[in-house]
Amino acid sequence: MFMINNENREAKVLAQNICMSVFKARRVIDQIRGRSYEEALMILELMPYRASYPILKLVYSAAANASHNMGLNEVDLFISKAEVNRGTIVKKLKPRARGRSYLIKKTTCHIKIFLKEKQKI
C-alpha cells in the first residue's frame with residue numbers, strides 16, 4: 001500500500017502480516033531510523049539478521065514508488081519515521097504423543113516506513 005502526502009513530500013509504505021516477531025523487526029528498524037536511503041540500504045544488506053531482508057525489500061520498494069509516483073530523487077530521500085506494530089497471532093495445532101495436541105503460536109507484525117526528501121538550504 002502506498003500513499004502520498006503532498007504538503008510535506010512524504011511517502012508512506014505499509015507491509016502487513018510479516019511473519020516475524022515484533023522485537024526482532026524492531027532491532028533492525030532502530031538501526032535505520034533517521035538514516036539516508038543509501039546508507040540504510042548498505043546497513044540492511046550487511047546485517048546478519050533474517051529480519052533485515054523483508055525490511056530491505058520494503059525500503060527499496062518505498063523509494064522506487066516515491067521516485068516514480070512523486071518524482072523525488074532517491075539520493076535525497078531519508079527515513080523520517082519507521083514503526084513496527086504487533087499483528088495477529090496465527091495459531092496452529094501440532095499433533096503429539098497419545099493423541100494430544102500442542103499449540104504453536106506464530107507472531108506477525110506490521111511495518112510502516114515514511115520517506116521524506118532532505119531539505120535543501
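The values are calculated or read from the model by the stated rules, or taken from the named source; none is laboratory data. These numbers were taken from a predicted model, which means no experiment stands behind them. Cβ atoms come from the backbone with ideal geometry, glycine included; neighbour counts cover every protein chain shown. Note: areas computed on protein heavy atoms with side chains; ligands, DNA, RNA excluded. Shrake-Rupley method; radii C 1.70, N 1.55, O 1.52, S 1.80 Å.
Tabulated results
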read-out: Entry for Cα extents along the principal axes in Å (calculated from the structure that is shown) out of (i) 71, 28, 18; (ii) 169, 24, 10; (iii) 58, 33, 25; value: (i)
read-out: Two-site label geometry, Asn17 and Lys94: point separation in nm, points 7 Å out along Cα→Cβ; value: 2.2 nm
read-out: Rounded tilt (10° steps) of 52-70 against the dominant C-alpha axis of the chain; value: 40 degrees
read-out: Estimated distance in nm for a label pair at Ser61 and Lys118, the labels positioned 7 Å out from Cα along Cα-to-Cβ; value: 2.7 nm
read-out: Extension reserve of the Asn69-Arg86 stretch, reckoned as 0.36 nm per residue once the Cα distance is removed; value: 3.2 nm
read-out: Per-residue SASA entry for Tyr37, accessible area with 1.4 Å probe, Å² rounded to 10; value: 10 Å²
read-out: Solvent-accessible surface (1.4 angstrom probe) belonging to Glu38, in square angstrom, nearest 10; value: 100 Å²
read-out: Solvent-accessible surface ranking, highest first, for Arg27, Arg9 at 1.4 angstrom; value: Arg27, Arg9
